[in-house]
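The values are calculated or read from the model by the stated rules, or taken from the named source; none is laboratory data. Since the model is a prediction, treat every value here as computed from it, not as a measurement. Cβ atoms come from the backbone with ideal geometry, glycine included; neighbour counts cover every protein chain shown. Heads up: the accessible areas ignore ligands, DNA and RNA and are worked out on the full protein's heavy atoms, side chains in. Shrake-Rupley method; radii C 1.70, N 1.55, O 1.52, S 1.80 Å.
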Amino acid sequence: MNRLFSFLIIFLFFSVSYSFAQDSLKRQINDYLLQQDRRKKAQKLAVDQKRKLDSLQQITEAERRKSDSLAITLKRKLAEPPPPNQGKFLDVKGGDVVTLDNGTRVQVIPNIGEPDVNPFLSLDTAQYKRRVHSFKLDASKWSSIASSGDESKAYKTKHKLLPQNTIFAWHPTWMEDAYKDYNYDLLSLVSYFSYKVDPATGEGTVPTNWEKTGIRDSLWKHDKKLLLGVSNIGEAANKLFLSKPEAQQTLIAEIKKLLPNKANGVHLDFTLVPRAYKEELTSFIISLAGEVRKIDKKNVVTIAVPAIDMDSAWDVVQLSRHVDFMIINSFEYYGENSEYAGPIAPVQASSITIPQSLENSLKYYVNIGVPSTKLLMGTPYYGAEWLTLDLKLPSRSMGMVSHRMYSTIQEQFSHLVFQTDEKSMTNFSVFKDDAFRNHQVWAEDSLSLALKYDWIIKQKMGGIAIWALGYDHGHQELWRLLSIKFAEPPKAIPPPPLTSFWQKIKSRLWGLLRNPEGLLRNPGMILTTLLAAVGMGGLAVFLIRRFGCFWSRMTVFSLQILLALLILGLICMTLFWFHYLDLQQVMLFLLGFLIAAILVFFITRHFMMEKELP
C-alpha cells in the first residue's frame, strides 16, 4: 500500500515537472512574439503621430495666416465711419416698425426683462442676414477640421423617450458614416440634409447616398422617422422660386417621387424669405403638406423658422395648423461678422451687445399665437473662436478664426479652463496665443446644454432640434445628457430573493461548473474554495489517523485517494492562479489522476480483500 502511494506521489511529481517545463517554453515563445508585436505597434504609432503632428502644424500655420489677415481687416474696419443706422433709432419702442437706410423694414422686438434696451444700438440686420445665409452653406467645411473620434466610445444604452419630448436632429450628408454611432433610442425625427432646390425650375440635387443610406434602416429598426431635408437658402433664391408657380409644382412632384419607401415626411429649410412673398410661401407649404400626407397620413411635415423674423415673412399662426413642428433656427446670434464675440445661442439677452436671445425668439412666436408645444428650439453642437480686441467680456471682434465642432473643441481646447456665462448659459474661455493676440472661445458642453435643456423644459416647448448629428463623434456625454433630460428614468433593479445556506452552496457550485474562470475574478469564492478544501483534507487526515485501524482497507484507501486529490487540487489551483497552468491543463491533470486511481483500485482490489484467519 505504501509503495502504491509512493508511486502515485512520484508520478505526480514528474507530471508537474513536465507541465512546468512545457509552460515555461510556451511563455518564452509568447513573450518573444509579444515583444515583436509591441515593437511593430510602437513603430506604427510613431509614424501616425508624426503624420498628425505635420497635419496639425499645417492647420496652425493656415489659421495664423487667417488671423493676420483678420487683424488687417479690423484695422481698416475701425478706420471706417460708423454705420449709417447707428444712433438713428434711439426713441423707438417695442412693436414699432422702422425702415433702415437700405430699405429693409424691421419690427422692433421688446427685450424681455430689459425694456430700456434699444435693439438697433448694436444689431446690424444686414450683417445678421449674411450670417444666417452662409451658416448652413459653409457648415460642410467644418468637417475638414473635425476629429474622427473614437468609434469604440459610441453610447448604445437602451432608452425610451418621454412622450411629451421630441428630439429632432439634422444629419448632414458630409458626416457620412457617423450615423453608425448614433443612439436612435434618443432621437424622434432626423432630417437628411439636404435636397438643394434649383429655384428657377423647382428641380434639385438629390442628397448624397439618399437611395442606399444606412441611416434609414437604423431609424426604422428603432421605430423612428427619417425626413427628406429640402433647402432653399437666400433672398434671391426664395424670391425666384416663390415667384414661379410651375417651379413650386415641380418641386412638390419631385418630393412625392422621393418619399415612398424612402422617408416618413419632409423638412423645409427656406432661409431669408422676402416679406413680399409671404402669401406665396404660406400657400406653397400648405399645398406641400397636403400632398405629403396623401402618400401616407402618418407622414410628418416640419419647417425651420427664423430666430428673428425681421421681415415678418412667415405666417406662422396659419402654418402651425398644417405642420407638425416648427424648428426655431436659433443659431448665429453671434457669428462671423458680428461686432462682438459672444455665444452662438444665448438664452437671455445682454444689454451690452445684441438684445436678441432664445428667450426673445420664443416669446415672439408664443405671443403671436403659436403653441409652445409645436416649437422645437435649435441646439448647437458647435462653437466658435474669435480674435478680439482684448480679453474682457464683451470684447469687440477682430474677426472669427473659425467655427468648431463639439468634438474638435474637446480635443483642441482641452488645455483651456472654461467658465459658464450665467445669462447666456454658454461656456467661454479667453487666452493669448504665441503672438500675444487675444482669443475668445464660446462653446457648448454637457453643463451648458443641461442648463439650456432645463430652460426649454420649463417653457413647455415641444423639444429640441440638434445641429448637427455627428459633431460630437467619439464622445458619449451629450447622448447621456439627452437620456437624463428627455428619457424615462431607468427602472429600479429589484433586490434578489432571500436564499437558504444550501441554496447558496448549490448556486455557487453550479456557477463554478458553468464558468470555472470566474473563480479568478471572485476573491471571495477563491477563499471559500480553499478553506473548504483544507477543511475536508484535515478531516480526512484526522479520520485516517484516529479511526483507520477500525476500518477496512478499502475505506482507508478511498480516503487516501480523496486526500491526495484535494492536495493535488490545491497545488493545481495555486499554479493556475500564478498562470503556470491553464484551465484545460488543470482539468486534464485532475481527470488523469482520477482515472489512474480508479484503475489502480480495480487492479489491486484483490490484495485489499480481508479474509478471516483460520
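Do you know which residues across the range 150-180 are open to solvent by less than 30 Å² (accessible area, probe 1.4 Å) and in a helix (DSSP H, G or I)? Correct list: Met175, Ala178.
Quick one: would you say Val301 is of a type in the set (A, V, I, L, M) and either in a strand (DSSP E or B) or open to solvent by 40 Å² or more (accessible area, probe 1.4 Å) (or both)?
Values: of a type in the set (A, V, I, L, M): yes; either in a strand (DSSP E or B) or open to solvent by 40 Å² or more (accessible area, probe 1.4 Å) (or both): yes.
Yes; evaluated as a whole, the condition is true for this residue.
Against the definition (in contact with a strand residue (DSSP E or B) (Cβ under 8 Å, 6 or more places away or on another chain), assigned to a strand (DSSP E or B) and open to solvent by less than 10 Å² (accessible area, probe 1.4 Å)), how does Gly342 come out, yes or no?
Here the answer is no, as Gly342 does not meet what is asked.
For the range 447-468, filtering for residues that are buried (at least 20 other Cβ atoms within 10 Å of the Cβ) and either in contact with a Cys (Cβ under 9 Å, 6 or more places away or on another chain) or assigned to a helix (DSSP H, G or I) (or both) leaves 5.
Can you tell me which residues in the range 216-232 are touching a Leu at 6+ places or on another chain (Cβ under 7 Å) and assigned to a helix (DSSP H, G or I)?
Arg216, Leu219
Look through the range 571-591, keep the residues that are assigned to a helix (DSSP H, G or I), loosely packed, with under 15 Cβ neighbours inside 10 Å and among the hydrophobic types (A, V, I, L, M, F, W, C), and return whichever of them is modelled with the highest pLDDT. If you could, list the steps in order and put the result at the bottom.
As a first pass, look at the range 571-591 and keep what is assigned to a helix (DSSP H, G or I): 571-577, 583-591.
If we keep only those that are loosely packed, with under 15 Cβ neighbours inside 10 Å as well, we get 574, 577, 583-584, 587-588, 590-591.
If we keep only those that are among the hydrophobic types (A, V, I, L, M, F, W, C) as well, we get 577, 583, 587-588, 590-591.
Numbers: Trp577: 65, Leu583: 68, Met587: 74, Leu588: 74, Leu590: 71, Leu591: 77.
Going through the qualifying residues, I end up with Leu591.
Of the set (1) crowded, with 16+ Cβ neighbours inside 10 Å; (2) in contact with an Asp or Glu (Cβ under 9 Å, 6 or more places away or on another chain), all apply to Glu279 but (1). The one condition from (1) open to solvent by less than 40 Å² (accessible area, probe 1.4 Å); (2) touching a Leu at 6+ places or on another chain (Cβ under 7 Å) that Arg396 does not meet is (1). The numbered conditions (1) free of Cβ contacts under 8 Å to residues at least 40 places away in the same chain; (2) within 22 Å of Glu411 (Cβ to Cβ); (3) assigned to a loop (DSSP other than H, G, I, E, B) are all true for Phe436 except (2).
Within the range 353-396, being within 23 Å of Ser448 (Cα to Cα), among the small types (Gly, Ala, Ser) and not in a helix (DSSP H, G or I) holds for Ser357, Gly378, Gly383, Ala384, Ser395.
Going by the structure shown, is Gly234 open to solvent by less than 60 Å² (accessible area, probe 1.4 Å), over 30 Å from Leu162 (Cα atoms) and among the small types (Gly, Ala, Ser)? Yes.
Beta carbons closer than 6 Å, at least 6 apart along the sequence or on distinct chains, never pair a first residue in the range 273-296 that is closer than 14 Å to Gln318 by Cα and acidic (Asp, Glu) with a second that is open to solvent by 40 Å² or more (accessible area, probe 1.4 Å) and at pLDDT 95 or above. A count restricted to the range 233-279 and to residues that are touching a Gly at 6+ places or on another chain (Cβ under 9 Å) and assigned to a strand (DSSP E or B) stands at 5. Once the range 350-360 is narrowed to residues that are farther than 18 Å from Gln127 by Cα and crowded, with 20+ Cβ neighbours inside 10 Å, the residue that is modelled with the highest pLDDT is Leu358.
Quick one: Asp181 ticks every box in (1) in contact with a strand residue (DSSP E or B) (Cβ under 6 Å, 6 or more places away or on another chain); (2) more than 25 Å from Lys374 (Cα to Cα) except a single one, so which number is it? (1) is the only condition that Asp181 fails.
A quick yes/no check of all residues on (1) open to solvent by less than 30 Å² (accessible area, probe 1.4 Å); (2) within 18 Å of Leu272 (Cα to Cα); (3) touching a residue at least 60 places away in the same chain (Cβ under 8 Å):
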residue: Tyr192; (1), (2), (3): yes, no, yes
residue: Tyr195; (1), (2), (3): yes, yes, yes
residue: Glu203; (1), (2), (3): no, no, no
residue: Val206; (1), (2), (3): no, no, no
residue: Gly214; (1), (2), (3): yes, no, no
residue: Asp223; (1), (2), (3): no, no, no
residue: Val230; (1), (2), (3): yes, yes, no
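Is it the case that Glu336 is part of a strand (DSSP E or B) and more than 22 Å from Phe486 (Cβ to Cβ)? No. Among the residues of the range 414-424, is any surrounded by fewer than 17 Cβ atoms within 10 Å (Cβ to Cβ) and β-branched (Val, Ile, Thr)? Yes, the conditions are met somewhere in the range 414-424.
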